[in-house]
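The structure under discussion appears below in the form of structure tokens.
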Amino acid sequence: MVIRELVLLLLIVSLSACTMNGHHTYVNGKCISCWNDIVTRDTLDYETPGANNYRQLTWHPMMLEWLSNQPGNDMSPYGEDYLKSRIGLKAVSLRNNEITYQKEIQRSAGLLADDLSRHSLKPTYQITISSELGKYDVKQHGFPVRHKKVIELKGNNSMINLPKRINVNITNYDQLPMLSMDLNEAERFLGARNNGRWLYLRYIIEVEGGSSIPEFNGRVKEVQFINVSPSIVTREKKEEYAPMQIYTL
């Protein structure tokens, strides 16, 4: 697998590397045109428009960021909640054996302490969401887009001490773009989609840390429009799809 990817990477560098013409080639959902090391897959340049190799913005890293701003180092109050976040509904069945359950809670508290010690807020994250296009605007030459003002990251609803939800407020919401295309292109676009208006948006977001409440601010630095209709089938691979249009802010 490594040899095959290395050959493909060399071919891309010689023919269509990101640094040459802005094109991206995706393997297993990652833009190998932006990789620095084909083995470790450390990224060379996070600033390349269209890349999808950022860490995903989820509840887990933002929970750790929130927790890093709480007083004290005792993770035992969060052990049961972290167990629920790790194994979900399986935690319910563990309760049938109270000794096993308590041991797993203690183990989860230790795992949380380990995760927290390794945590550092990344400069940039990515998240792919479902969105809907409005009616084509002839004057603006594009489709209005239903963007997110607040991104809600969900944990487990039965949590007590860890936040059930963490919000990321988009500070530059008013600057988020429409999907631009001329009238003829828009006609072909809708025709190919049977007039379907739902699609995926990928936000590349800079998140501000340091919050002691489960609420953070984030600035969208790039919007990627993905010409894929949201569904149960496509949802599983939504972070892997390559964008059709890219806007940097």
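Quick look at the values:
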item	result
Computed FRET value (nearest 0.05) for K237 with S76, which takes r as the C-beta separation and R₀ as 25 Å	0.10
Restricting the stretch 150-224 to GluC sites (Glu not before Pro) in coil, as DSSP defines it, with at most 16 other Cβ within 10 Å	E208
Full-extension gain in nm, I129 to N97, via 0.36 nm per residue minus C-alpha separation	7.6 nm
Under-5 Å amide H pairs with G134, H placed in peptide plane, nonlocal only	V145, R146
Fully extended contour minus Cα-Cα distance, from S211 to L111, at 0.36 nm per residue	33.8 nm
Theoretical FRET efficiency, 1/(1+(r/R0)^6), r = Cβ-Cβ of K164 and A192, R0 35 Å, to 0.05	0.30
Sequence of R197, R202 once ranked by neighbouring C-beta atoms within 10 Å, starting from the fewest	R197, R202
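We did not get these values from a lab; they are worked out from the coordinates using the rules stated. Because the structure is a prediction, the values reported are computed rather than measured. Backbone-built Cβ (ideal geometry, glycine too); neighbour counts: all protein chains shown.
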